[in-house]
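What follows is calculated from the coordinates using simple rules that are stated; it is not laboratory data. As the structure is a computational prediction, the values presented were derived from the model and not from experiment. Here Cβ is always computed from backbone atoms with ideal geometry, including for glycine, and neighbour counts include all displayed protein chains.
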Amino acid sequence: GESVGLHLPTLSVQEGDNSIINCAYSNSASDYFIWYKQESGKGPQFIIDIRSNMDKRQGQRVTVLLNKTVKHLSLQIAATQPGDSAVYFCAENFNQAGTALIFGKGTTLSVSS
Amino acid sequence: GAGVSQSPSNKVTEKGKDVELRCDPISGHTALYWYRQSLGQGLEFLIYFQGNSAPDKSGLPSDRFSAERTGGSVSTLTIQRTQQEDSAVYLCASSPRGTGTGFNEQFFGPGTRLTVL
C-alpha cells in the first residue's frame, strides 16, 4: 500500500509568493526522500533530496525540511514563478535491496501572475 | 542522448492486443525501473532491474505484465491481452546505483501514454 501522501492535492499561489508543499510518510525506516516536479506531458524531474540524518537541505530557491518525529516532509519554493506550475511528488526510499521509490499522489501547484 | 528515452511516446491499441514499450536508460546506469501513472495519480512501481540480479517484480499487477532487460541496458515492458484498465502513462527511470546502495536519484524518461480502446 501507499505509504507516502500529501496534505493538499492542489495549491494556488501568486507569482512572487513563497510556496510550501507538504507530505506525510508512514514508514519510519525510510532513509532517503526526494521531491520531483512533473510538468504536463513530461516525466518527473528531480528537484532536491534529503537523507534521514538531515533535517534541512537547501537548493536554488528550494528548501526541503524533514521532521522525522512526525514523519513529515515539506518543500519550500521561494519567490514562486509561473514556470514552477507543475505537479510535485514526494517519494521515499528505505535502504533495502530491491525496493523502489514510493511516491505520493502529488500536489498540483498553480502560479498566477 | 543524455537522458532516458522511451518509445513510442503514444500507443493506442485495441483491447486484447499485446503491446511492447521500450526504454533506453542513461548509459552506464545499472538500475532501471518501470512505473505506471494513471490519470491524476502518483507513480505506481512495477518492476526494478539492478545489474545482473534477478529483477524485483513485486509491483507487476498481473501475469499479463512482463519485462526484460537485455545486455544490462535497453528494457522492454510487455503487456499481453491488454485491458482498458491498463490505460496509463508508463514511465521508465534509471539510476547510476541500485536501491540498497545509498542515494538513489532516479532519472525519468518522458513516458509512453498507452490507450486501450
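Here are the numbers for the structure shown:
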quantity: Value of D in µm² per second that Stokes-Einstein yields for chain A, Kirkwood Rh from Cα pairs, at 25 °C (0.890 mPa s); calculated: 174 µm²/s
quantity: Residue of B:54, B:88, B:31 that the Gaussian network model of chain B assigns the largest fluctuation, springs spanning Cα pairs under 10 Å; calculated: B:54
quantity: Largest to smallest principal axis extent of the C-alpha atoms in the protein assembly as shown, angstrom; calculated: 48, 38, 34
quantity: Separation in nanometres of the label points that stand 7 Å from Cα toward Cβ, at residue A:53 and residue B:80; calculated: 4.7 nm
quantity: Length-normalised contact order of region B:32-74 in % [C-alpha pairs under 8 Å, at least 6 apart]; calculated: 28 percent
quantity: Top positive-direction residue, dipole computed over chain A with Cβ charges, set A:89, A:102, A:9; calculated: A:102
quantity: Rough spin-label spacing in nm, given labels placed 7 Å along Cα→Cβ, for residue B:117 and residue B:66; calculated: 2.7 nm
quantity: Label-point separation in nm, residue B:57 to residue B:39, each point 7 Å along Cα→Cβ; calculated: 3.1 nm
quantity: Proximal lysines to residue A:71, defined as alpha-carbon separation beneath 16 angstrom and excluding residues fewer than eight positions away on the same chain; calculated: A:56
quantity: Distance histogram for chain B (every C-alpha pair counted, 10 angstrom bins, percent rounded to whole numbers); calculated: 15, 49, 29, 6, 0
quantity: Straight-distance crosslink candidates among aspartates and glutamates, where the alpha carbon sits under 18 Å from residue B:11 and sequence neighbours closer than 8 are dropped; calculated: B:20, B:24, B:85, B:86
quantity: Candidates B:72, B:40, B:16, ranked by Gaussian network fluctuation over chain B, Cα under 10 Å, top entry; calculated: B:40
